[in-house]
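This report concerns only the one structure given below.
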Amino acid sequence: MKTATLRVHTPEGIVFSQLLAGPVTRFLAWSLDLLCIIAMLTALGILFGLLQMLSANIASALYILSYFIISVGYGIACEWAWRGQTVGKRLFRLRVVDAEGLKLQFHQIATRNLLRFVDSLPIFYFLGGIVCWFSSRCQRLGDIAANTIVIRHPRIAQPDLDQLLAGKFNSLRLYPHLAARLRQRVSPAEAAVAAQALVRREQFDPIPRLDLFANLASHFREKVEFPAEASDGIADEQYIRNVVDVLYRTKS
Amino acid sequence: MIIDLQRFLATERPAWTELERVLDKLDAQRLKQMSLEELERFHLLYERAASDLAKITTFASEPDTRRYLESLVGRAYAEIHETRQRRPQAALLGWFFQTLPQTFRRHIRAFYFSVAITLAGCAFGGFTIALDPASKPALMPFPHLLQDPAKRVAEEEHATKDILSGQKTSFSAQLMTHNTRISILTLALGMTWGIGTIILLFYNGIMVGAIAVDYVRAGQTKFLLGWLLPHGVIEIPAILIAGQAGLILALALIGWGKRISLRARLREISRDIVTLIFGVALLLVWAGVIEAFLSQYHEPVVPYSAKIAFGLVELFLLCLYLGMSGRQSRAGVPPAPSDPGRQPKGRRDACPTL
């Protein structure tokens, strides 16, 4: 699946990044929205079915108009009311935003939704999907015209390290200045890899587990060199425990 | 940079919370206008959060805080660097009598282009049906248009039963939604560098030209005018305006003679094409009502002269509206350009990640 980040450099020299949603996630969110539209139309069909007893002509006209308004206006109304989200986008944690990090405007929402007519050609968003796949910002034609992107903000679950690490002596903590340097040099992604390896350690076979922690330990040893008495004689897995303890638990 | 994270979080979190509160109020539109002090405070909080983000970005142990700050800075950045004029929610009447006709006139060349393509289609369709009447099924793929015009007119004028009885409202709704869909498609196909829009306009012209010549050749000009004018004088311009919107989009994509980026060009026209297509939808609602409730009734029920006169009055009013409406206010207060050449100062790029 294609993923990318959009980096915005502010005039203050600050960089913030936003994760772009790929075509597959967006298609899944759209499928969910389609189900919502079908559910609404079915409910209206039942309602207007009852109304038909009073006037078949009016009921039929109202159904035709409602069908059109819901199928075309669903995306516009939801994205405007929920600041760039529909039901599907909410569930998949996606959001439409301005491509330059600015405030999303109504005409942008309307443009990107009206251009679904061309994105959905010939069927099931084939054209939009192809364009999105090859676009560096994962934009379909409607997004390009409206200058919007779809970002995702996955929920970041902090691993429950307290049970994993509590009560263990950590030799690295004897050197607070080196521990601080380690925290400064390790990127969030590297820290997350180490924490995940610990959390999921029981899922690995013995030999791959040894290899994995050996590689990780060697990687983190290169980041900051601790004195031999702090690191020698410690198993690689224990070394990674200590590293994660230093990174995630700032209070000993 | 080595920082004492606990102290850092304890010190800075109140400022982040305050910034978040202001942003929430702005999102909920509860802060209509900020005082100078509030603006200064907002700016200070933004800069402080941005600076905190820079400090914490390389700090491994707090990915959640970094994401939170990124989101906060992103939202505040959008508020502070948004330079597009914030218009009050335009009242429908103001939008209809000023914004829409002004937008139409601002892009009048695209409209003329749309008219020219349709006229070319009309000429093609007219000549083809005149030279080769057998081509009718290919040019007009609608069964009710394939029969002999004189025969149809005789049938309609001697009909004893209202074929639309009890269906007029639903027929009207069908016409409105179908024509609006076609109009949106005509606009959307502007993204094919205008090729799709041109094809649709040309094809529409072929049908109109072929029908017109077919009825004129059969000596049914009066019927044709009485049948088409009441709704056609609104419906056809509506399709032409949809074509105009599609061509505006295409011209922005192509960018002839413009030295600004594709994104800037698209930003310039995005609001205008939405204005035009909403206007088209309104026109088509009117056309749908007229087509179902008036156009399908002929002499002796409704005299042709009355229908033709009604159509001409509509056409006159439409021309007056599109050509003149909103001009006075424009002389007093020039309308804001669709998106004043806004370019945020920041630099953006997209980069693939692992």
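Please treat every number below as a calculation from the coordinates, not as lab data. None of these values were measured; they are calculated from a predicted model. Positions of Cβ are generated from backbone atoms using ideal geometry, with glycine treated the same way; all protein chains shown enter the neighbour counts.
Here are the numbers for this structure:
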quantity	calculated
Loop trypsin sites (Lys or Arg not before Pro), the stretch B:168-264, which have at most 12 other Cβ atoms in a 10 Å radius of their Cβ (DSSP)	B:R259
Too-long pairs where the Cα-Cα distance tops 26 Å, listed order kept, from A:K89/B:K25; B:K136/B:K222; A:K89/B:K258	A:K89/B:K258
Three semi-axes of the equivalent ellipsoid, the protein assembly as shown, Cα gyration tensor, whole Å, largest first	62, 26, 21
Three principal axis lengths of the stretch A:4-152 [C-alpha, angstrom, descending]	66, 30, 24
Structure-based [θ]222 nm, chain A - -39500 (n - 2.57) summed over DSSP H runs of at least 4, per residue, nearest 500	-18500 deg cm²/dmol
Helix B:304-324 axis, angle to chain B major axis (alpha carbon atoms, nearest 10°)	30
Among A:G75, A:G13, A:G49, residue whose mean-square fluctuation peaks in a GNM of chain A (springs only between Cα atoms under 10 Å)	A:G13
Ratio Rg/Rh, restricted to chain A and using Cα atoms, in which Rh is the Kirkwood radius	1.17
Most fluctuating residue given options B:T103, B:T17, B:T275, as computed from a GNM of chain B linking Cα atoms under 10 Å	B:T17
Computed label-point distance, nm, for sites A:F124 and A:I69 using a 7 Å Cα→Cβ extension	3.2
Selected from B:P133, B:P14, B:P149 as most flexible by GNM, with chain B as the system and alpha-carbon contacts under 10 Å	B:P14
Total charge dipole magnitude, the stretch B:92-332, about the Cα centre, Cβ charges on Lys, Arg, Asp, Glu only, Debye to nearest 20	1180
Principal-axis tilt of helix B:36-56 within chain B, Cα atoms, nearest 10 degrees	70
Partner aspartates and glutamates for B:K55 [C-alpha distance under 13 Å; skip if fewer than 8 residues away on the same chain]	B:D4, B:E12, B:E47, B:E70
Volume per residue of the C-alpha convex hull in chain B, rounded to whole Å³	206
Dipole of the protein assembly as shown [Lys/Arg +1, Asp/Glu -1 at C-beta], most positive-end residue of A:T111, B:L9, A:V193	B:L9
Dipole-positive endmost among A:L141, A:V24, A:T10 within the protein assembly as shown (Cβ charges, Cα centre)	A:T10
Label point 7 Å beyond Cα of B:A120 along Cβ direction - residues of the stretch B:193-224 with amide nitrogen under 18 Å	B:193-210
Exposed-loop-free span, longest in chain A, where trypsin sites (Lys or Arg not before Pro) count as exposed if DSSP calls them loop and at most 11 other C-beta atoms lie within 10 Å	A:1-154
Folded to 0 to 90 degrees: helix B:168-188 orientation relative to chain B principal axis, Cα	60
Stretchable slack from B:A15 to B:L312, in nm (0.36 nm times residue separation minus alpha-carbon distance)	100.4 nm
Length-normalised contact order for chain A - Cα pairs under 8 Å, 6+ apart - percent	16
Charge dipole magnitude, Cβ of K and R +1, D and E -1 - the protein assembly as shown, Cα centre, debye nearest 20	920
For a label point 7 Å along the Cα-to-beta-carbon line of B:T160, residues of the stretch B:298-312 with backbone N under 20 Å	B:298-302
Per-residue [θ]222 nm for chain B (sum of -39500 (n - 2.57) over DSSP H runs n ≥ 4, rounded to 500)	-23500 deg cm²/dmol
Residues B:A138 and B:L282, FRET efficiency given R0 of 25 Å [Cβ-Cβ distance, rounded to 0.05]	0.15
Shielding of A:24-31 by partner chains, average beta-carbon count, 10 Å	0
Debye, to nearest 20: dipole size of the stretch A:4-152, +1 on Lys, Arg Cβ, -1 on Asp, Glu Cβ	280
Reachable aspartates and glutamates, given that their alpha-carbon falls under 16 Å from the alpha-carbon of B:K168 and they are not under 8 places away in the same chain	B:E291
